[in-house]
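One structure is given here, and the rest of the page talks about it.
A short reminder: the numbers here are calculations on the coordinates, not readings from a lab. What you see is a predicted model, and the numbers here were worked out from it, not measured in a lab. Note that we place each Cβ from the backbone using ideal geometry, even for glycine, and neighbour counts take in every protein chain shown.
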Amino acid sequence: MRGIDAEVVGRNPDNLIQSLKINRGAQDNIRVGAPVIFGEGFLVGKVIEVFSRTATVLLIMDQNSVVNALILDSRASGNIYGQHGLGLTMEMIPQNEIVQVGDTVITSGLSGELPKGLVIGEIVKVESNSGELFQKAQVRSYVNFSKLEKVLVVTDINP
């Protein structure tokens, strides 16, 4: 995976939209929809606006963020939804799948927007009701969004 290093130069102060401003933009070939990661493939979000020298990144914690996901060990699929900056929920997990606290959640790559295998976080709580078709889980990201200073904007998913 190749990308462009960027620094966080701003945060949205109103908490209605969980986003960051980075110091890379159209002049650096940043494109809307590009995945943004931290460290060794930890998903931060995706680019939603590009300006000449800056870009806006919608964080996975935002209520408008939806990510197709897989539980690493069981391969159970579902969707990750941001919870107004308060955490992540994985929903639409089939009831017959085994989901455990401590399981790692990754991107599935099914939407075509994000490559498969980016790390989203770890399951911290499972909510299952035998009368329902689906179960859901609370997921904690490995990224500390409030202390994020540097990110990588993915430009090419092939090595």
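Would you please name the GluC sites (Glu not before Pro) within the stretch 1-104 that are DSSP coil residues with at most 16 other C-beta atoms within 10 Å of their C-beta?
E40, E97
Compute the distance from the alpha-carbon center of the stretch 87-159 to that of the stretch 47-75, in whole Å.
11 Å
Which order, highest average first, do 57-70, 77-90 follow once you tally other Cβ atoms within 10 Å for each residue and take the mean per peptide? It would help to have the intermediate numbers written out before the result.
Values: 57-70: 21.1, 77-90: 18.7.
The densest-packed peptide leads the list: 57-70, 77-90.
Considering lysine pairs in the chain that are 8 or more places apart or on different chains, how many have Cα atoms under 24 Å apart?
The number of close lysine pairs in the chain is 11.
Label the chain by shape, choosing from rounded, prolate and oblate, from the square roots a ≥ b ≥ c of the eigenvalues of the Cα gyration tensor; if a/c is under 1.5 it is rounded, and otherwise prolate applies when a/b is larger than b/c, oblate when it is not.
Values: a/c = 2.35, a/b = 1.77, b/c = 1.33.
Prolate is the answer for the chain, as a/c is 1.5 or above and a/b outweighs b/c.
List the trypsin sites (Lys or Arg not before Pro) within the stretch 19-124 that fall in a DSSP loop (any state other than H, G, I, E or B) and whose Cβ has at most 15 other Cβ atoms within 10 Å.
R31, R53, R75, K116
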